[in-house]
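What follows is calculated from the coordinates using simple rules that are stated; it is not laboratory data. Since we're looking at a predicted model, the values are computed, not measured. Cβ sites come from the backbone with ideal geometry, for glycine too, and all protein chains shown count toward neighbours.
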Amino acid sequence: MPNGLVVGCESLFVPYGNAASAGHGSLAGWLFASTAAGAMAGDLVVGRFVPPGWRDRIIEPLRLLLAAPYLLFFLSPPPALAVPLGFLAAAGYAASLPLQDRLIRHTDEAIQGQVLGLHMNGMMTWQAIAALIAGAVASFLPPATAMGTMAAASTTVTLLLVPCLRRSAPAARTTIPRWAAPR
C-alpha cells in the first residue's frame, strides 16, 4: 500500500512538471528518468551489496525513504531539487526485495508462484487506485501539494504497518552488530 501511494505521487509528474517548469523544458521527463534510475540503484544496492541478514532490518527505513522526499513537494521544489528528490525516493522501492523474500519464506513451495502472482496483481491494483486518488486530490489542490499529501498518506500507512512487519520478521537472524540493533 505505501508503494501504491507513492505511485500516486509519480502519477502527478506531468501536471507538476507543467506547473513548475515554465521555460525549463520537460521536467516530467526528468522526473520519470530519475525515479527509474533511483529504483534501479536501490535494487542494485540492496540486492547485491546488503547482506541477507541486514535486509529485513532495512525494510522500514527504505519504506520511509520511499515517501519522505516527496514530503518536500509541499514546498514546490524547483526542478534542480525535484529531480534528485525523485531519485532518492525511488531508491526506497528496494524495500520490495526483502518483503518478497519474506513472503516466499512464509509460503509453501508448491504455491509460491501463485502467491507472488497474487502479490504483484494486488500491488499493481493498489497503484492504479492510488493514481486515481492522487488525480482526485490534484483536482482540488495544486500538483505539488497533492504529491505531498500522497507522501504524507504513504508515510502514515508505513508507520501504521510497522508492528505487522515486525510480527512477520524471521525469528532466526544473523548476527548484527550491537550498535545496529533496534533499541
Next item on the list: Starting from the coordinates of the alpha-carbon atoms of segment 2-169, obtain the Kirkwood hydrodynamic radius over all distinct pairs and give the value in Å to one decimal.
Entry: 16.4 Å
Margin query: As a test of the definition: which semi-axes, in Å, follow for segment 1-81 when you take the square root of five times each eigenvalue of its alpha carbon gyration tensor? Largest first, please.
Written below: 28, 14, 10
Item checked: Helix axis angle, 143-167 relative to the chain longest principal axis, alpha carbon, degrees -> 10 degrees
Next item on the list: Could you list Cys164, Cys9 in order of exposure, starting from the residue whose Cβ has the fewest other Cβ atoms within 10 Å?
Entry: Cys164, Cys9
Checklist line | Rounded to whole Hz, the Karplus (6.51, -1.76, 1.60) HN-Hα couplings of segment 72-79, x for glycine and proline | finding: 5, 5, 4, 8, 6, x, x, x
Note to self: Could you work out how much longer the chain between Ala128 and Asn18 gets when fully extended? Use 0.36 nm per residue separation minus the Cα distance between them, nm to one decimal.
What the structure shows: 37.4 nm
Margin query: Once each part is reduced to its C-alpha centroid, what is the distance from segment 56-87 to segment 106-120 in angstrom?
Written below: 31 Å
Notebook entry, point to check: In degrees from 0 to 90, rounded to the nearest 10, what is the angle of the helix 96-105 Cα long axis to the longest principal axis of the chain?
Noted result: 30 degrees
Next item on the list: Could you order peptides 66-75, 142-151, 100-109, 28-37 by the average number of other Cβ atoms within 10 Å of their residues, highest first?
Entry: 142-151, 66-75, 28-37, 100-109
Item checked: Simple label model, 7 Å out from Cα along Cβ direction - Leu75 to Ala41, nm -> 1.9 nm
Check: Based on DSSP H runs of at least 4 residues, each adding -39500 (n - 2.57), what is the mean residue ellipticity at 222 nm of the chain after dividing by all its residues, to the nearest 500 deg cm²/dmol?
Finding: -22500 deg cm²/dmol
Check: If you rank Val14, Val46, Val6, Val162 by fewest surrounding Cβ atoms within 10 Å, what's the result?
Finding: Val162, Val14, Val46, Val6
Check: If you line up the long axis of helix 112-138 against the longest principal axis of the chain, both from Cα atoms, how many degrees apart are they, to the nearest 10?
Finding: 30 degrees
Next item on the list: Would you mind getting me the FRET efficiency between Ser26 and Ala110? Use the beta-carbon distance for r and R0 = 30 Å, nearest 0.05.
Entry: 0.05
